[in-house]
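Just so it is clear, none of the values below were taken in a lab; they were calculated from the coordinates. Please read these numbers as outputs of a predicted model, since none were measured by experiment. Quick reminder, even Gly has a Cβ in these numbers, built from the backbone with ideal geometry, and neighbours come from all protein chains shown.
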């Protein structure tokens, strides 16, 4: 199974492509506008990184269940553990995992539908 790149990785690739391959070939106003777009991509990339750090900081109990501190690795491990019957009702980790997953689902819905709630 191939791994889906994170939002931060996609932005990083777009930013790097703009900076190294596109902008050097441009001149005049189009170069100026492209530099502005590259700057915005950098800002958004930092913002997403900040949000990921915020997620990590707000869910200490959840993240203490895992050895990694990388969100994608943790979520992959979590999915595998859930498929194998771990973290079910009655387990000591159920409430923490349930809370994390409900918050994540709500964040995703809010991202795709800003009018949610």
inquiry  = Modelling each spin label as a point 7 Å along the Cα-to-Cβ direction, I'd like the residue 44/residue 22 distance in nm, to one decimal.
reply    = 1.0
query = How do 80, 34 rank when sorted from fewest to most other Cβ atoms within 10 Å of their own Cβ?
reply = 80, 34
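Can you put 12, 29 in order of Cβ neighbours within 10 angstrom, beginning with the fewest? The partial results should precede the final answer.
Numbers: 12 17, 29 8.
Fewest-to-most ranking of 12, 29: 29, 12.
Sorted from fewest to most neighbouring beta carbons within 10 Å, what does the list 86, 18 look like?
Details: 86 15, 18 19.
Listing 86, 18 from fewest to most nearby Cβ atoms yields 86, 18.
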remark   = Once both label points are put 7 Å beyond Cα along the C-beta direction, the residue 77-residue 13 separation in nm becomes 2.6
ask   = Using 7 Å Cα-to-Cβ label points, what is the residue 102/residue 68 separation (nm, one decimal)?
value = 2.6
